[in-house]
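Here the structure is laid out as structure tokens; the discussion comes afterwards.
The values are calculated or read from the model by the stated rules, or taken from the named source; none is laboratory data. These numbers come from a predicted model, not from an experiment. Reconstructed Cβ throughout: ideal geometry from the backbone, glycine too, with neighbour counts over all protein chains shown. What goes into the accessible areas is simple: the full protein's heavy atoms, side chains included, and nothing from ligands, DNA or RNA. Shrake-Rupley method; radii C 1.70, N 1.55, O 1.52, S 1.80 Å.
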Amino acid sequence: MGRKKQISDQKRLHRERMRLQKGVFSSLANAIGNIGELYADFVQSDEVRNSMKATADKAIECMDNIKELNELEEQLKAEEQESEGED
């Protein structure tokens, strides 16, 4: 029982960490987008806009990667539950 509890706790902590990480990246992407828009309003420079767009694109890519990671984690969890059910 102790090993199952430990595994369960590890999975729960991992899920919580991923949830928090997703929230942080989402907030960061929103903040970057807002800062980029404000900064571009003050500095009418193509270079600044392109840089901010690249940063926002990178943040979106990070969020997409987190989404994919979460989907893979859910898939792994389902496979683990199936294998436990077979035991």
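What the table below lists for this structure:
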quantity	calculated
0 to 90° range, to nearest 10: angle between helix 2-42 axis and the chain longest Cα axis	10 degrees
Using a Förster distance of 35 Å, the FRET efficiency for Glu82-Cys62 (Cβ separation, nearest 0.05)	0.70
Proximal lysine pairs, the chain, alpha carbons under 25 Å, eight or more residues apart or interchain	12
Distance histogram for the chain (every C-alpha pair counted, 10 angstrom bins, percent rounded to whole numbers)	15, 32, 21, 16, 10, 5, 1
Local electrostatic count at Tyr39 - Lys and Arg +1, Asp and Glu -1, tallied over other residues with Cβ under 15 Å	-2
By accessible area with a 1.4 Å probe, ligands and nucleic acids excluded, highest first: order of Val48, Val24	Val24, Val48
Folded to 0 to 90 degrees: helix 46-86 orientation relative to the chain principal axis, Cα	10 degrees
Surface per residue (accessible, 1.4 Å probe) for the chain, Å²	82 Å²
Carbon plus sulfur fraction of accessible area for segment 1-43, probe 1.4 Å, in percent	61 percent
Length-normalised contact order for the chain - Cα pairs under 8 Å, 6+ apart - percent	33 percent
Helix-only [θ]222 nm of the chain, DSSP H runs n ≥ 4, -39500 (n - 2.57) each, per residue, nearest 500	-35000 deg cm²/dmol
Per-selection Rg to Rh, segment 45-86 - Cα, Kirkwood hydrodynamic radius	1.45
